[in-house]
1. Keeping every protein chain present and rolling a 1.4 Å probe, give me the accessible area per residue for the chain in Å².
2. Probe radius 1.4 Å, ligands and nucleic acids ignored: give me the carbon and sulfur share of the accessible area of the stretch 196-257 as a rounded percent.
3. Any idea what log10 I(q)/I(0) is at q = 0.23 Å⁻¹ for the stretch 188-247, Debye with uniform C-alpha scatterers and no solvent?
4. So what is the relative contact order for the chain, in percent, with contacts set as C-alpha pairs under 8 Å and at least six apart?
5. Put +1 on the Cβ of every Lys and Arg and -1 on every Asp and Glu Cβ in the chain; which of Y14, Y108, L255 then has its Cα farthest towards the positive end of the dipole?
6. Sequence gap of 8 or more, or different chains, plus Cα separation below 29 Å: how many lysine pairs satisfy both in the chain?
7. Viscosity 0.692 mPa s, temperature 37 °C: Stokes-Einstein D of the stretch 56-241 from its Kirkwood Cα radius, in µm² per second?
8. What three numbers, in Å, describe the spread of the alpha carbons of the stretch 1-95 along their principal axes, ordered from the longest?
Amino acid sequence: MPALSEVPRTHPRYASLMTREKLVEGVGRGITGLNGLIAQGRGEALDYLIGEVTTAPAMEAERAAAAMLLLAEGPVLSVNGNAAALVPKEMVALANKIGAPLEVNIFYRTEERVKKIADLLRGLGAGTVYGDEPDAQIPGLDHARAKAARGGIYDADVVFVPLEDGDRCEALVKMGKRVITVDLNPLSRTARTSTVTIVDNVVRALPNLISLVDEMAGQDEAELRRLLEGYDNRAVLRRSVEEMISHLTHQFSALDG
Ligand code: PTJ
C-alpha cells in the first residue's frame, strides 16, 4: 500500500484509507492496541453495509445522545485506543463543549498505553483527564477491566463510550448509568445493552455530535427531555439493520444492471 501522502485525494477509498492509516500510526505511537486493527477491520465491513454514510436512524441516535449529554449532571467521555487514534481532537472538543471530563478506559490495559493516551488528550487541550490513577472498581468485572476513577466514570450518570466491550457496557448499565455508545454492529451485546446506540462510524459520529450539541445547547430542558422520552433504542437498532438489508438489496440489484 502506498504511504498516505501518496494516496491521491481523488482515490474512491481515500477516507477509508486515511482512517486505516491513523490506526496504524496509533499502533506505532503506542496509543492503539494491535487488537484495535482487527476491530477496525470488522467496523469497515459493517460500515460498507450501511453505505459508509450516517443513516437516518444513526442521526436520530446522535440527536438523542446530544440531548442526553446536555441534560446529564455528571457526564464522562471514555476514550480507548481506537478513539484516541481516530478522533482525539473531537473527543476533547466535545468534552470541553459540555464541560465533561475524559477518562482513558482501555480494554487491553497497560499502564504505559493509558498514560500515552492521557498525555495525548492533555496535549490537545483537555481539561480533566482521568484514567492514569484509578481509585475505584466497576463491580462485576475482572481487576484490570474494572479500573475506574472517582469523579470520572465511577461517579458519572451518563457515560459516552465509543467502541465498548459488551461486558463493561453491561456492568456500567447495572451500576445505574445511562450509556451512549458508537458501534457499527447493531447486533452486538454493547449495541443491545446501551441506552443510546449510534450505529455509525466514529469518524462521522463525533463531528455530528459536536454540531448537534452546538445546535441544541439553546433548547430548553423540557424540549430535550421530550426528545429523549420519545427515543426508542430497540426501534433504532431494528431500523439500522433494515438500512443494511436495503443497502445490500440495492447493491445486489445493481449487479444485474
Ligand atoms: O484500546 P482498547 O484496549 O480499549 O481496545 C479497543 C478495542 C476496540 C480493540 C476493544 O474495545 C475491542 O476489542 O472491541 P470489540 O469488542 O472488537 O468491539 C468493537 C466494536 O466496535 C465492534 O462491534 C466493531 O464493529 C465496532 N467498530 C470498529 N471500528 C469502528 C466501530 N464502530 C464505529 N466506528 C468504528 N470506526
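The values are calculated or read from the model by the stated rules, or taken from the named source; none is laboratory data. What you are looking at is a predicted structure, and each value in this text was computed from that prediction instead of being measured. Cβ: placed from backbone, ideal geometry, glycine included. Neighbour counts: every protein chain shown. What goes into the accessible areas is simple: the full protein's heavy atoms, side chains included, and nothing from ligands, DNA or RNA. Shrake-Rupley method; radii C 1.70, N 1.55, O 1.52, S 1.80 Å.
1. On the way: 12190 Å² over 257 residues.
Per-residue accessible area for the chain comes out at 47 Å².
2. Values: 1900 of 3590 Å².
Reported share for carbon and sulfur atoms: 53 percent.
3. -1.13
4. On the way: 422 pairs, mean separation 57.6, N = 257.
That works out to 22 percent.
5. The Cα lying farthest towards the positive end belongs to Y108.
6. 22
7. Numbers: Rh = 16.2 Å.
The calculation lands on 203 µm²/s.
8. 47, 32, 22
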